[in-house]
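Reviewing the structure listed below.
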Amino acid sequence: MTTSNLSTPAQEFVNSVLALKPAVAVFDCDGTLWSGDSGADFFYWQIRRNMLPPEVARRALERYADYKRGNVGEEIMCGEMVTINANLSELDLETAARDFFADVVEHRIFPEMLDLAQRLRASGCELWAVSSTNVWVVAEGAKRFDIPRERVLAACARTREGMITRDLVRVPSGPAKATALQEILGKNVDICFGNSMHDLAMMETAEHAFAVNPNPDLEQIARGRGWKIYWPMASRETTKDTK
């Protein structure tokens, strides 16, 4: 995927980031690199294609509805959306994520964020993606931004003989995003981009934080702290997500 010509505000935003000459840049994904909630979308996409056993799908739908009512925590729900795939082939999930992202999410990528990531990578900047969405979808999306799989920190479970288990490795959400970065990255973050309160702790670790397409609560904090706020043109017509 290549970027189209950017608007003047978009180009100014990209240039303002490049001018900082960062060595390490960290991106949230849903709502920051592309619009919408790709984790929830993949969940429903799987169910429509009967990828999950009927009883597992039924319980998962009930559980997700309970989460939407506020009765299940964000980190718990994101972990369960990985472990519902226990006993499925990791290769099958990677293939499904490839098809899903191309069909459902790719057209929702913010062109200026794609352009920015590619130009940062070309300048020698080390790029990382951190998300509470499952690693199969995030890694597939990260390819478009020249972010390698080994620099993707997303919700994931251990595998055994190529099959997904119920043993979670990590669920980077809220403070866990900052913790994962500290444990895996082990170096200072120059710039960080996020859109929700789930990204706040991670953004606080960076020398420069950018609120991209922010939810109202993060927007308020960003204004109070003098962080740069940027609204991608496409985000003005889409509902802001909360992941």
Need the C-alpha centroid separation for segment 150-177 versus segment 4-39, integer Å. 25
Between the helical axis of 111-122 and the dominant principal axis of the chain, each derived from Cα atoms, what acute angle in degrees is found, rounded to the nearest 10? 80
Enumerate the calculated ³J(HN,Hα) couplings along segment 186-193 in order (Karplus 6.51 cos²θ - 1.76 cosθ + 1.60, θ = phi - 60°), each rounded to whole Hz, writing x wherever the residue is Gly or Pro. x, 8, 5, 9, 7, 9, 9, 10
Crossing angle, helix 74-83 versus the chain [Cα axis fit, 0-90 degrees, rounded to tens]: 50
Amide proton proximity set for residue 52, modelled H, under 5 Å, gap of 5+: none
So what are the radius of gyration and Dmax for the Cα set of the chain, in Å? 17.3, 53
Members of 68/228; 68/187; 21/187 lying beyond 26 Å, as alpha-carbon distances in this model show: 68/228; 68/187
Cα axis of helix 38-48 to longest principal axis of the chain: angle in degrees, 0 to 90, nearest 10? 30
Among the aspartates and glutamates, which have Cα under 15 Å from the Cα of residue 177 when same-chain residues fewer than 8 positions away are ignored? 28, 30, 74, 75, 199, 204
A correct Karplus calculation of ³J(HN,Hα) over segment 91-101, with 6.51 cos²θ - 1.76 cosθ + 1.60, θ = phi - 60°, whole Hz and x for Gly and Pro, returns 4, 5, 5, 5, 5, 4, 5, 5, 5, 4, 5
So how strong a dipole does segment 8-237 carry about its Cα centre when Lys and Arg Cβ are +1 and Asp and Glu Cβ are -1, to the nearest 20 debye? 60
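Out of segment 95-188, which trypsin sites (Lys or Arg not before Pro) are coil in DSSP terms and have no more than 11 other C-beta atoms within 10 Å? Could the numbers behind the result be given before it?
Details: sites: 98, 108, 119, 121, 143, 144, 149, 151, 158, 160, 166, 170, 177, 187; in loops: 187.
Passing both the DSSP loop test and the Cβ count: 187.
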Looking at the P(r) of segment 115-243, how many percent of alpha-carbon pairs lie beyond 21 Å? 43
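Taken together, the values in this text are just the output of simple stated rules run on the coordinates, not laboratory data. Computed from a predicted model, the values in this text were never measured in an experiment. No Cβ is skipped: glycine too gets one built from the backbone with ideal geometry, and neighbour counts run over all protein chains shown.
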